[in-house]
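For reference, the structure discussed in these notes is given below.
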């Protein structure tokens, strides 16, 4: 009896490990089957990340920073003042330009007054020309009459000589008057050109003033989009050059995912296809998206030094193609998603 009990106990002990092993094997097979089935019916990649639009804030003027109005990683609104650059030197230059413009405007007034004076002189010269023309006409008639009278001895030779002298004087005066009119017209043309030149110079100075005012306005740096600031690269009292990157605004109004699929996975992808997104930072979050565009070039082609298979020793590497995925109901995830977060993308096929 004792022997039979021991056999039954031994048999029970042998069965339990078998059951455990069988259960583990079955679970493993089920898991393997699910993985294989998933791999057959999905295209998946973990080479993906969340993207947001990054708006760089760059100084357009040089100068010392007077005031910083926002902290690192703070939320800002479009049009909010972020930083003020010292504009004292630019303001003094503006005052100098405005004084120079005032002088130019005074020069224009003087030139215009000279034009009015030249117009009056031209009118006077034309009047004298008409008078001298009448005098010449009268002296010519008198001379002709006296020549006819001298033949009949009606007048003396002296009277004829006086008529000839009057005619000669009138002729010279008429020629002089014509020259005076030409001189007055030329002077008027020159003065008119000087007025136009002075006005053009004044317009140039006005443009310089407008440009200077624009530069002064650049001393006040505003947010050009809603979002959050990154880390500031400058501090108050620091001198910056024009073109210096100050900080970056992460614009959270638009979010999407860029997934880099292998080239042999593209045959199963098409526009509008629904995809599942698994965010590494929040594994339990269910996010869905749809494919909005596929790049026409591999990621390597966008690198600073794209590889050239015609040079060096060629080693075949599976290329990846960027795929843009729009997030469905992206507004629900604004407070969860961050630019650069890693994502696992799976596409049912």
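Only the coordinates and a few stated rules stand behind these numbers; no lab work does. All of these numbers come straight from a predicted model, not from anything done at the bench. All Cβ positions, glycine included, derive from the backbone under ideal geometry; neighbour counts span all protein chains shown.
Computed on region 269-323, with alpha-carbon pairs under 8 angstrom and 6+ residues apart, the relative contact order is 32 percent. Region 263-331 and region 225-253 have their alpha-carbon centroids 30 Å apart. Convex hull volume of the C-alpha atoms in the chain, normalised per residue: 355 Å³.
Multiplying the residue separation of residue 309 and residue 253 by 0.36 nm and removing their Cα-Cα distance gives an extension gain of 16.1 nm. Normalising the average separation of contacting C-alpha pairs (under 8 angstrom, six or more residues apart) by the number of residues puts the relative contact order of region 89-216 at 50 percent.
Computed from Cα atoms, the angle from the helix 88-151 axis to the main principal axis of the chain rounds to 30 degrees.
For region 283-349, the average shadow cast by the Cα convex hull is 7.0 nm², which is a quarter of the hull's surface. As a length-normalised measure over Cα pairs under 8 Å and 6 or more apart, the relative contact order of the chain settles at 31 percent. Relative protection proxy for 77-83, 265-271, from highest mean packing down: 77-83, 265-271 (other beta-carbon atoms within 10 angstrom). At q = 0.10 Å⁻¹ the log10 of I(q)/I(0) for region 89-216 amounts to -0.56, computed by Debye summation with a single uniform scatterer per C-alpha, solvent ignored.
Once the Cβ-Cβ distance of residue 241 and residue 302 is raised to the sixth power relative to R0 = 22 Å, the FRET efficiency obtained is 0.15.
Can you tell me the orientation of helix 157-218 relative to the chain, as the angle in degrees between its alpha-carbon axis and the longest Cα principal axis, to the nearest 10? Once rounded, the angle reads 20 degrees. Between the Cα long axis of helix 2-41 and the first principal axis of the chain there is an angle of about 20°, rounded to the nearest 10. Kindly state, to the nearest 0.05, the FRET efficiency for residue 189 paired with residue 109, given R0 = 25 Å and r defined as their beta-carbon distance. For R0 = 25 Å, the calculated efficiency reads 0.80.
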